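Peer 1: Mind having a look at this structure? Questions to follow.
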Amino acid sequence: MDAIVKRIILQVRKGDHNAFGELVELYKDRVFALSYRMLGNRQEAEDVAQEAFIRAYTNIDRYQIDRKFSTWLYRIATNLSIDRMRKKKPDYYLDAEVAGTDGLTMYSQVSADEQLPEDEVVSLEAQDGIHRAILSLPAKYRSAITLKYIQELSLKEISEILDLPIGTVKTRIHRGREALRKKLQEQ
Amino acid sequence: MKGGEAMKCPAEMIGIMHDVLDEDATKEQKRLLFEHIQTCSDCKQHYEELKKTESFLLSSPSMEAPDGFTSKVMKQLPQEKRTVWIKRWMKSHPLVTAAILFLALMTGSVYSSWTSEDQLSALSGNLRFDQETNTVIVPEGEVIEGDLTVKNRNLEIEGEVKGDVLVINGEQYMASAGQVTGEIEEVDHILDWTWYELKKLVYNLGDFFTNEESK
Ligand SMILES: [Zn+2]
């Protein structure tokens, strides 16, 4: 797999569009799933996933060929998704540090008041409790949880994608999972 | 784990639960947790809920990108690099290519660019130059980001070039530790050089044609 991807990338670097099409085919489902779980809206997820591939294409010379391509691609997609989340609604209060169990209790009170946009309420996918619960998480926990469970990546890969120490990634997964547990109990 | 219960629960118990879920706990921690939840119903419930949460997370359905995703991406890409386009064009138009070659030779511009001064180009990186052997050296451990062109000099690669290497009228030597990500091309004869210049010429023509097509 890696060898095939590297060969394709060398062709892309020479400007071969068709080679890039092969890369899109290989990764489109995973990149779309990532942005969808982060944003909770198919149209926005598709926009972000497409932009992620276009950025990958225009910045392909900056990709270091000895690193894993998926890590680099997911990093672009994750950052774009987080940017989009921030533009979508000012959830600065959700981004406040969630420290310990007390902080989590406070957080779940805040997020219980938060109304989801209408299109998210009616979409079938959003009926799925866990998906809704993920969407109620602040960006930093949502990204860590999505990368771990939707993309099934190792802590090391997640730390490279988010550019954070492994210890911080663990903490975010623990707190995110704790918040999800509470959410699911409330539902 | 609230109120009076907190008294008998070790403070780190919830942290251990998460480490166990992440397969990141020591044997001792696991033993501590499983012994504790035998006697503490609150922690047992907490742990069960976390495991349930995790199984929900793992069972979320896999997703597929919407139909037409790839073609939508392809339509938004910046124009294909012309060198790729030209290689294709020259293959499918051999006669026109030959005619242009003839014209190019007649004008003599190719010859003058062949004899023009020594040249060296690289986007970044430190190169060494050995006067005696007339050799440009990419030192060991050095990484050149991008293409490297050397003209009327030899080239020795001990480090790494992340791009194509073009050596014009010189010799190229690769040390065992040397690495080149792209293609290595040596141009030693005026005919090769003509070919190389020709590609540049058609490149400009290609520009003309693609502009016409897009109207
Ligand atoms: Zn307990």
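Peer 1: Look at B:Thr53 and say whether it is over 30 Å from A:Ile60 (Cα atoms), at pLDDT below 95 and part of a helix (DSSP H, G or I).
Peer 2: In short, yes.
Peer 1: On the given criteria, is A:Glu152 surrounded by fewer than 18 Cβ atoms within 10 Å (Cβ to Cβ), closer than 19 Å to B:Glu48 by Cβ and within 12 Å of chain B (Cβ to nearest Cβ)?
Peer 2: Answer is no for this residue.
Peer 1: A further question follows. Taking helices (runs of 4 or more DSSP H) that do not extend beyond segment B:69-148, which have at least 1 residues that are modelled with pLDDT of 75 or more?
Peer 2: Per the criteria, B:69-76, B:94-107.
Peer 1: Same structure again: With the condition kept exactly as written, say whether any residue in segment B:23-42 is among the β-branched types (Val, Ile, Thr), at pLDDT 90 or above, part of a loop (DSSP other than H, G, I, E, B) and at negative phi.
Peer 2: Checking segment B:23-42: at least one residue is among the β-branched types (Val, Ile, Thr), at pLDDT 90 or above, part of a loop (DSSP other than H, G, I, E, B) and at negative phi.
Peer 1: Hey, can you tell me all the residues within segment A:25-41 that are at the interface with chain B (Cβ under 7 Å from one of its Cβ atoms), surrounded by fewer than 23 Cβ atoms within 10 Å (Cβ to Cβ) and closer than 18 Å to A:Ser81 by Cβ?
Peer 2: Result: A:Lys28, A:Asp29, A:Ala33.
Peer 1: Something else about it: Please go through segment B:21-80 and pick out each residue that is away from chain A (no Cβ under 12 Å), surrounded by fewer than 18 Cβ atoms within 10 Å (Cβ to Cβ) and more than 28 Å from A:Gly167 (Cα to Cα).
Peer 2: Scanning segment B:21-80 gives B:Gln38, B:Thr39, B:Ser41.
Peer 1: Something else about it: Within segment B:1-11, can you find the residues that are within 12 Å of chain A (Cβ to nearest Cβ), assigned to a loop (DSSP other than H, G, I, E, B) and either at pLDDT below 80 or more than 9 Å from the ligand (Cβ to nearest atom) (or both)?
Peer 2: Selection gives B:Met1, B:Lys2, B:Ala11.
Peer 1: Considering only residues that are more than 12 Å from A:Lys182 (Cβ to Cβ) and within 16 Å of the ligand (Cβ to nearest atom), look in segment B:41-56 and name the one that is nearest to the chain's Cα centre (by Cα).
Peer 2: Out of the qualifying residues, it is B:Lys51.
The values are calculated or read from the model by the stated rules, or taken from the named source; none is laboratory data. Predicted model, so just to flag it, every value in this text is computed and none were measured. When we count neighbours, we look across all protein chains shown, and the Cβ atoms used for this are built from the backbone with ideal geometry, even at glycine.
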